[in-house]
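Novice: For reference, the structure I am asking about is given below.
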Amino acid sequence: MPSLLRPLPNAALLAVMLLAGCREETPASTTPGHQRMVDALAAIRDRTADEHPYLGDFRVRELRAAVAGGASDWRTRLELGRAELGLGREREGIAAIESALADLDAGAIEGDTNARAALLYYLGVASMRLAETENCCAEPSPESCILPFVGPAVHKRTEGAATAMARFEELAVLARGDAYWHNTAVWLLNLAALALGNWPEAVAEDLRLPPDRLTADPERGFPRFANVAASVGVDTFSLSGGVVADDFDGDGRIDLLVSTWDPFEAPRLWLQSEDGSFRERADRAGLEGLGGGLNMVQADYDGDGDVDVLVLRGAWLHERGRHPNSLLRNDGGRFTDVTFESGLGSVHYPTQTAAFADYDLDGDLDLYIGNESSSRIEAPSQLFRNECEGRFVDVAVTAGVTNLRYAKAVTWGDIDEDGDPDLFVSNLGAANRLYRNEGDGTFVDVASSAGVAEPIQSFPAWFWDFDNDGHLDLFVSSYDTGVGHLAAWHRGEPVDCGFARLYRGDGRGGFVDVAAEQGLRYPAMPMGANFGDVDGDGWLDMYLGTGDTTYASLMPNVMFVNRGGRGFVDVTLEGGFGHLQKGHGVAFADFDRDGDLDVFEQMGGALRGDGFRDALYENPGFGTSWVELELVGGGANRSAIGARISIDVDGPDGRRTLHRQVSSGGSFGANPLRLHVGLGRATAITGVEILWPASGLTQSFGALPLRRALRVVEGEAEWVDRTLAPARLGGR
């Protein structure tokens, strides 16, 4: 019998049959390619304990043996405590570190002030994580871990936070000569006091953060978004992962596909019912055995009308991250893994980022995967040209886009408005790339001349038109910060860290950084991030979710609201978005079909002990007008990815034009491919213009109705009303 880990002789023929319409005759669970993927992922799962640097226990076993064999130095015992903590064994970790500190104080082991500071720091971190585990995780409420802590968010079991306060107070005094570590201790000390409900009084004045920085400002007039994930039933407890919000079963309602990088957990599919409730369909969706996946992107890659999904794996693991990605072909809410048949599975590199676009304008969707190349593994990024019939060929070398850097985000956009999409690659630890599409199958890196090579330590990135001038702009976040920088920022002290860039585009390929003047000099550290118009005023806002792997990175996720292209305002505390847990996949979508965008956030960290529950922030409404446009391409790119839309509206503020591009939004988490456009106080839509990407057709419509969901098919003169009745989330 041939091995299932090798291509079977009839695999290519079977793939063609499937794409020709034989899907009903060959269930997903019996296709050779699907089973081959299940077997490959099972082998990775079996190696987790001995290989995975974040989820495996091999390091704990090694350190326990070293201590049992006589290693008594403080560093080894600290590392053992940290390793135990990483696996979720908080009390074992605390015991190991406390014993080292006691021996250090008694003179039984050697160590200096730095040793004591390190032990105090990790004891405080371990105690804080214990506090979260025993309170926010064990007895969760919708307000758990969301700043400012109110009501149920205050810890009932106080041991962990009280111990953390004592450790961080001592560390803050000890580290006064080191601004960063002093401020790190100050930040965590204040959080512990908040968790106990005795802030600010319990914190010495010289260590206290300004009270107005950690309380909501009613003067901003921004309403609070309630976290309804638990009542809706989508508050999955997991580690870091991704989310795609889209209509997977074709009923017009927005569903959720949520992943975690835990190789033992497959993605979970939540289908929305007519009444707004969600039901899980994982047992019948073909997802069993397809574990792991730090991020996901969606597109109808085969043009059959269903939203397909690419699951990305292996990120952060270097040479151990040779995990296969999964291309999941969707048939009405049931998925088949077609990675190996499609040509995407011949070689595996660590990655977490990818984006679809029709770069050669032949009518079908191509795919760029940004891989993590480093000194430990050469991992060229890949440009897969769609050869039709569901087959892809990697042309990155001839196209000149291999990157060979540590890619963390990729995004497509036509920067020079010549009709073909260009490619931006955000690299961590090296200059970014801006690959200009030459229109002949090749690209040229113009990042330096365009002025978008920085920040060097960058992460999420996307093209958008934040100022509604009709030209694509570029947001590039920074990953060069920490809680010490955040405390310094709140205290009005100098902040020595990297900041995000907001590059305003001129439509000719030129950019200028306007982040400072737009109010974005804030020390955020996002991994999951996305954009959408939460207040419905016609200007795109953004939500940044902290994603650092360490337990100490308790930085609130941040919502920035766009004030008419004149600057962004932080409404995190007012809106209830200041979640302290790790925020990964972010998606903006109108889940309850009431005309405004809600926000889903996949939560959880990288370490086994850093899991948390996903959040769904329900928009209370702003009373604005809106329109939803579902564009259907006339060719194989039925998703219409890359289409550009302008909408003319009239209202009490006069006439204005709004500009959008069809995409899934940011680079970590995916919005629906349909466009939900807030229109502010508009009283009429006077015209809509659509530029379709491959054909170059410009299609115009006159007046369209407000507050409706409309489907527009390329080349067809009439639109179709697809509006569904609103629903209460979760059927409440």
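The values are calculated or read from the model by the stated rules, or taken from the named source; none is laboratory data. Quick caveat, the model's predicted, so the values are computed rather than measured. Positions of Cβ are backbone-derived with ideal geometry, glycine not excepted, and every protein chain shown enters the neighbour counts. Keep in mind that these areas ignore ligands, DNA and RNA; they rest on the heavy atoms of the full protein, side chains included. Shrake-Rupley method; radii C 1.70, N 1.55, O 1.52, S 1.80 Å.
Novice: Under 9 Å from the Cβ of F588, count the other residues' Cβ atoms, weight Lys and Arg +1, Asp and Glu -1, and hand me the total.
Specialist: Once all neighbours under 9 Å are counted, the net charge is -4.
Novice: Give me the distance in nm between label points sitting 7 Å out from Cα along the Cα-to-Cβ direction at V173 and D105, one decimal.
Specialist: Taking the simple label geometry, V173 and D105 are separated by 1.2 nm.
Novice: Another one. Quick one: work out the % antiparallel among DSSP beta bridges in the chain, nearest 5.
Specialist: Bridges in the chain are about 95 percent antiparallel.
Novice: Given the -39500 (n - 2.57) contribution per DSSP H run of 4+ residues, what per-residue ellipticity at 222 nm results for the chain, rounded to the nearest 500 deg cm²/dmol?
Specialist: -6000 deg cm²/dmol
Novice: Could you calculate the contour length gain from R728 to E517, that is, 0.36 nm times the residue separation minus the distance between their Cα atoms, to one decimal place in nm?
Specialist: Contour length minus Cα-Cα distance gives 72.0 nm.
Novice: To continue, here is another question. Could you tell me the relative contact order of the chain? Use alpha-carbon pairs under 8 Å, at least six residues apart, and round to a whole percent.
Specialist: So the answer I get is 13 percent.
Novice: If I model a spin label as a point 7 Å beyond the Cα along the Cα-Cβ vector, how far apart are those points for D283 and D362 in nm?
Specialist: Label at D283, label at D362, 4.4 nm between them.
Novice: Taking the Cβ of L544 as the center, what net charge do the other residues with Cβ under 13 Å away carry, scoring Lys and Arg +1 and Asp and Glu -1?
Specialist: Surrounding charge for L544 is -3.
Novice: Also, I was wondering about something else. Return the whole-Å distance between the Cα centroid of the range 356-401 and the Cα centroid of the range 644-658.
Specialist: 37 Å
Novice: Give me the 1.4 Å probe accessible area per residue for the range 301-382, excluding ligands and nucleic acids, in Å².
Specialist: Heavy-atom SASA per residue in the range 301-382 reads 24 Å².
Novice: Of the accessible area of the range 53-127, with the probe set at 1.4 angstrom, what percent is carbon plus sulfur?
Specialist: The value for the range 53-127 is 46 percent carbon and sulfur by accessible area.
Novice: Could I ask something else about it? Could you please report the charge total around R116, scoring K, R as +1 and D, E as -1 over all other residues with beta-carbon less than 12 angstrom from its beta-carbon?
Specialist: Overall, the nearby charge balance is -4.
Novice: Calculate the length of the line joining the C-alpha centroid of the range 239-295 to that of the range 200-222, in whole Å.
Specialist: Taking the Cα centre of the range 200-222 as reference, the centre of the range 239-295 is 39 Å away.
Novice: With 5 Å bins from zero, work out the P(r) of the range 429-539 over every alpha carbon pair and list the percent per bin.
Specialist: Calculated over all Cα pairs of the range 429-539, the distribution is 2, 11, 18, 22, 19, 14, 9, 4, 1, 1, 0 percent.
Novice: Hey, can you find the accessible area per residue of the range 416-510 for me, probe 1.4 Å, expressed in square angstrom?
Specialist: 32 Å²
Novice: While we're looking at this one, here's another question. Keeping all protein chains in position, work out how much accessible area R279 exposes to a 1.4 Å probe, and write it in Å² to the nearest 10.
Specialist: Accessible area, nearest 10 Å²: 110 Å².
Novice: Follow-up question, since we're still on this one. Listed highest first by mean packing, meaning other Cβ atoms within 10 Å per residue, what order do 158-170, 255-267 come in?
Specialist: 255-267, 158-170
Novice: Determine the share of the range 341-422's accessible area contributed by carbon and sulfur atoms, expressed in whole percent, with a 1.4 angstrom probe.
Specialist: 47 percent
Novice: Using alpha carbons only, how many degrees (0 to 90, rounded to 10) separate the axis of helix 74-86 from the longest principal axis of the chain?
Specialist: In the chain, helix 74-86 runs at an angle near 40 degrees to the longest axis.
Novice: Which is farthest toward the positive dipole end of the chain among T549, Y122, F600, measuring Cα position about the Cα centre, with Cβ charges +1 (Lys, Arg) and -1 (Asp, Glu)?
Specialist: After comparing all options, I get Y122.
Novice: If you don't mind, there's one more thing I want to ask. By how many degrees, between 0 and 90 and to the nearest 10, does the Cα long axis of helix 32-51 differ from the longest principal axis of the chain?
Specialist: Helix 32-51 sits roughly 10 degrees off the main axis of the chain.
Novice: If ligands, DNA and RNA are left out, what is the accessible area of D721 with a 1.4 Å probe, given in Å² to the nearest 10?
Specialist: For D721, the solvent-accessible surface is approximately 70 Å².
Novice: A further question follows. Which FRET efficiency value, to the nearest 0.05, do you get for R91 and E718 by plugging their Cβ-Cβ distance into 1/(1 + (r/R0)^6) with R0 = 56 Å?
Specialist: The value I calculate is 0.25.
Novice: Another one. When only Cα pairs under 8 Å and 6 or more residues apart are kept, what is the percent relative contact order across the range 28-112?
Specialist: RCO, the range 28-112: 19 percent.
Novice: Could you give each residue of the range 701-706 its phi-based ³J(HN,Hα) in whole Hz, using Karplus coefficients 6.51, -1.76, 1.60 with θ = phi - 60°, and x for Gly or Pro?
Specialist: Listing the rounded values in order: 10, x, 5, 10, x, 7 Hz.
Novice: Could you look at the range 460-549 and say what percent of its accessible area is carbon and sulfur, using a 1.4 Å probe and all protein chains?
Specialist: Roughly 46 percent of what the probe reaches on the range 460-549 is carbon or sulfur.
Novice: At a threshold of 8 angstrom on Cα-Cα distance, excluding pairs fewer than six apart, so keeping six or more, what relative contact order does the range 443-541 reach in percent?
Specialist: Across the range 443-541, relative contact order equals 28 percent.
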